[in-house]
Amino acid sequence: MQWVGSIFFFLLFVCLLSDGCFLVGRKPLSFQDLGAHLERLLAEGEPPEDTRDQPVDGRLGPLSVVLDHTSGFEGLLFVDDDLLGVIGHSNFSSIRATTCVYKGKWAYEVLISSQGLMQIGWCTLNCRFNQEEGVGDTPDSYAYDGNRVRKWNVTTTNYGKSWAAGDIVSCLIDLDEGTITFCLNGQSLGTAFSNIKMGPGVAYFPAISLSFKESVAFNFGSRPLRYPVEGYRPLQNPPTADLLRAHKLLGYIKTVLSTTLDTQEEKVVEKDSACWSIHGEPTTLVTLALIFNYFAPLMCKVYLVEDVLMNFLLGILEGGGSVDEHPLIQQLLDLFWLLMEDYEVNECLKQLMMSLLRAYRFSPIIPDLGFQIHYLRLTTAILRHEKSRKYLLSNVLYLFIGVKEAGLEELIPTTWWPTRFDKEGKDEMESKDESAEERLRRRAYERGCQRLKKRIEVVEELQVQILKLMLNNKDKGTGEASRYIFLNKFRKFLQENASNRGHPTALCPPEYMVCFLHRLITAVRSYWDEGKRKSPSSISSDEAYVPPQLFYNGKVDYFDLQRLGGLLSHLKKTLKDDLAAKANIIIDPAEIQATSMDDLDEDEESGAAQRPFGAVAMGGALARPSWLSSPTLGRANRFLSTAAVSLMTPRRPLVPPEKVKVRTLAVEQRTEEDIEGSHGNDGLLLGRPLEEPDQPITEKSLLEILDGIVMMYNLSVHQQLGKMVVVSDDVHEYAVALKDTEEKIARCPGRRSDILEELQKSQKVFAEKLNHLSRRLAWINATIYSKEKMLDVYWLLRVCIRTIEHSDRTGSLFAFTPEFYLNVAMNSYSALKNYFSPSNCMDELPGYEDTLTQLAAILANHFADPRIVGTDIKDSLMQALASYVCYPQSLRAVERIPEEQRVAMMTNLLAPYEQRPWAQTNWILVRLWRGCGFGYRYTRLPHLLKTKPEDANLPSLQKPCPSLLLQRHMAELLSLDKDMAASFLNSVLNQLNWAFSEFIGMIQEIQQAAERPERNFVDTRQLKVCATCFDLSVSLLRVLEMTVTLVPQIFLDWTRPSAELLLRRLAQLLNQVLNRVTAERNLFDRVVNLRLPGLESVDHYPILVAVTGILVRLLVDCERQGIVFLTVVLFRPPQPTSEEDLCPICYAHSISAVFKPCSHKSCKACINQHLMNNKDCFFCKATITGVEDYSKPSTS
């Protein structure tokens, strides 16, 4: 047996002669001398130690090259911990490396994380940069800018190609020939600069200048260059000796895995390494342990992990097949954990995953996405190993969730774009209108889009598998299950984004968040439905919602995100009795007191504690994101971050539910029992209100992940969905421009060759841009706006609707619901309506009409809900309702809600306008009326039809869709409730008086400014406010027209105590409007004729037809008795006829007030209304200190 062991060692560590023959006559190897033999083998071919770290000729500086964050920078930058990644945080920041070169050929690589404004290249020590001038803007600096596709050296010219996030730029300098060259993804862009300055004292540093929020990562040679160029050396020497040792040792490991001892036959047998098992012969394990003594320390170095280990593992999977068919990777990871120190295997796994992430994001572009698929398969194989997965989840949690734009030219060789659009932005061209060539192009384009979608679906499926592994909650054999580790990290990830909104970390670009959301939804729904199959009494994922007790029982951390009822500390104090009565939860008095003290402390603190939501600290080094470490929770609202439950001693039999006291618990301290619960402990569902059904929903951990998905959509995803829409808009604009250019070419006279040449150049530019955009649009439609992604967003909308409905039933406890649930409900509907069409039709969504009706009920019930106190969320609800009633389909949904809710909505809309945001309310009433009023059936004002093309995507340009049902409710309410009618109309008349008076005051200022020779322009903001006041005046007149039409008796039935007063006020205001608008050569005429940009909507037509509509209803359509009453008011004793005696603001009342100290005059109604919002004089802008009565002196 000893002889067989010697043969085994000999075959493992065999020495070959130069002619390929085995060396014979060697002393037999044994365990005792195996270590020494390994040492001799590893030492062969290594360079002498005294020559390893010698300085390289042509280079100056540290051997380890990083960014110079101590002195070699200008502006504000965030530099990563490894000093290789950088994020710009000021207007234009610059930084250089610590090492320079003065002779030879050198290269480094830059990994582009964002595609914005950056200048990358080389500079000398003499270059001085600032916030305006960076690399390439000074004489001795040279740069390439792929954002603007230019090269820079004081002056600039076109050069290279446009770069994108995920590209790699290689920067090459040849100091023997004096040239600088750049490569993009391994393809040379040509020599950028020649005859650069060289000689004594001239050395070049790698350098970059980048604008705000742009980010890159450098590779000076600390990792293998992705695209090495022959003849050029990386600035940092590769670890040649360690590479040689690592390759030798890995060869020995592979030999061990493919060799075994047959003890019965007493011989050494070769076998397939894929079938190797760690539960083998002791001889094999001892041999591997000796090899790992040398191999393990090398695997802590990033260069060796990426160049040796990662490539070896990738080679195992090269044969194809599913990941399950390659168990060798699992066995190798078992070896790593068995034979390496914990710190070694931890560092090795971390570097391996980081290398995979970089390789995935910056892999070469090929049509079938083969590289991305290869890296994802290896990631999946590693994460299938339980111990490795849990370590990576706890300490790394990097996401492989994006899908890179790759190989679009090969996958979609033929491009196509629609050339005509209808008013909803959909392609208007029918099949019969297409030419044969256009039909062939469109079909070829569609086939290319399908090919692209199939490639992307393979990547997405692998990403879902990765997330399913992370969400595994059955792997409890080695400690906490993966899902609970993921859950805590996920909440920290959300906290980082919530506290750092607008400044996403470089490790998770914003566009990856969209992909992450969709994959996470797929994985969660898979586990949810799997649980439904095992427990038929629980609900399916199609009926998923987040139960309301998560919002107030303290189990889930919502950071500083706002609740519907205001601050959490306030809610806990004011609603503690409701919590005890409805949810059987007792708030610990000590915690309430501690929270109050925290509030007092925070009031006294300054700086970060006083920053508004979304603000971030400026300056200093970039901190490690908190979801990668273990940050402390924010103090504000921390008492409800998470909670552990302690049941109080029962004081009576358990017939009624027992009160439960909650105490706070940090996220890191939560256990599976705190989330899922146990006997006598409901976990996350602690404190179920009586209104909530006693029915199992799903695993409680999935509920918290679902809550996080909703939060993630609110924090980042919706914003990113909106940004992608601009590509579709660009395609439309360029298609129109190309068609217009082609028509001009067809009309161009043959003798004007110069014009024809310019038009043909424009045609070529537009066609090239459309080719690029149409391919990019195909990628966006496949990854962002596909039918499957639309169903995900629709599912999220329904989750939010059901969650809000369940929370609403809890009464006062509804105030604990986070605001983002309402925001996501409104925003996801907006995304479905505006972002996913016309590629996908909303009408095809399952149960779409019922969902529209449910959302309409939420908007109608809560836009004036007293339980909601936040100004922003109340405004959002009002705006969403105003948009909802603009479109026929959603307006019909409002009409389908129960009558009781419709009447309550109209009652809230008819509340007095004072002390609330009345403008939005008024717009809603106007949109319910539009299409019924006098001259009110247009989509665009008649006088604007020729000046601007219609854009039906704007709500104001939708075809009128009045609601006769809601008008009837309004008529019933105003006719039955006389007090409501009087207060509502008085408030409308007050606001009309104010809005029109403000409008007149502003056009006076505009006229004066336009007449002054020294100032020939008017402030655009002033013009915008002026136009807004005019639009408000018209809309208020339309509401009055609506009221006069629906319930004329309010004005004409003088048995009502307020009828005569209301009619007189109405007549005075109509008189005021007509005096100002119709007088010959008046101020209104002069301003309209100026045709100022911003005042396009200000014209005679909209305001005169509104006034005419009111008068027609009063004088023509009412009964004879009403006309008598109206005549009495209209023909009251005449007012003074002299214009000098009339108020110069309203022209409806006599002057009755004089201002102090300037002595200007108006009527009391105008000045009183004006002083409610402004203390400056109408005319001279002096501050008004007092108002006195004025009576005209008598003339003798």
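Out of segment 70-80, which residues are in a strand (DSSP E or B) and over 28 Å from the mean Cα position of the chain (by Cα)?
Correct list: Phe73, Glu74.
The residue list Leu992, Leu957, Leu973 contains one member that is modelled with pLDDT under 90 and either surrounded by fewer than 17 Cβ atoms within 10 Å (Cβ to Cβ) or of a type outside the set (D, E, K, R) (or both), which is Leu957. Do we have Ala381 as more than 27 Å from Asn237 (Cβ to Cβ), of a type in the set (Gly, Ala, Ser) and part of a helix (DSSP H, G or I) here? Yes. Annotation: of all residues in segment 1003-1036 being β-branched (Val, Ile, Thr) and surrounded by fewer than 16 Cβ atoms within 10 Å (Cβ to Cβ), the one that is modelled with the lowest pLDDT is Thr1020.
When segment 81-104 is limited to residues that are closer than 20 Å to Ile180 by Cα and either buried (at least 19 other Cβ atoms within 10 Å of the Cβ) or β-branched (Val, Ile, Thr) (or both), the one that is farthest from the chain's Cα centre (by Cα) turns out to be Val101. Scan segment 111-127 for residues that are in contact with a Phe, Trp or Tyr (Cβ under 7 Å, 6 or more places away or on another chain) and either farther than 14 Å from Ser141 by Cβ or not assigned by TED's automatic domain parsing to the domain that holds Val101 (or both) and jot them down. Result: Leu111, Ile112, Gln115. Among the residues making up segment 1032-1068, a single one is outside any helix (DSSP H, G or I), closer than 15 Å to Phe984 by Cβ and of a type in the set (Ser, Thr, Tyr): Ser1058.
To keep it simple, each residue is scored yes or no on (1) surrounded by 23 or more Cβ atoms within 10 Å (Cβ to Cβ); (2) over 18 Å from Phe934 (Cα atoms).
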site	(1), (2)
Arg1038	yes, no
Glu1041	yes, no
Leu1046	no, no
Arg1056	no, yes
Glu1060	no, yes
Arg1064	no, yes
Asn1071	no, yes
Leu1095	no, yes
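The single residue among Gly554, Gly565 that is buried (at least 22 other Cβ atoms within 10 Å of the Cβ), under 24 Å from Phe816 (Cα atoms) and modelled with pLDDT of 90 or more turns out to be Gly565.
Residues in segment 799-817 that are of a type outside the set (A, V, I, L, M, F, W, C) and either surrounded by 24 or more Cβ atoms within 10 Å (Cβ to Cβ) or touching a helix residue (DSSP H, G or I) at 6+ places or on another chain (Cβ under 6 Å) (or both): Thr803, His806, Ser807, Asp808, Thr810, Ser812, Thr817.
The values are calculated or read from the model by the stated rules, or taken from the named source; none is laboratory data. Not measured: the values here are computed from a predicted model. Note: ideal-geometry Cβ built from the backbone for every residue, glycine included; neighbour counts use all protein chains shown.
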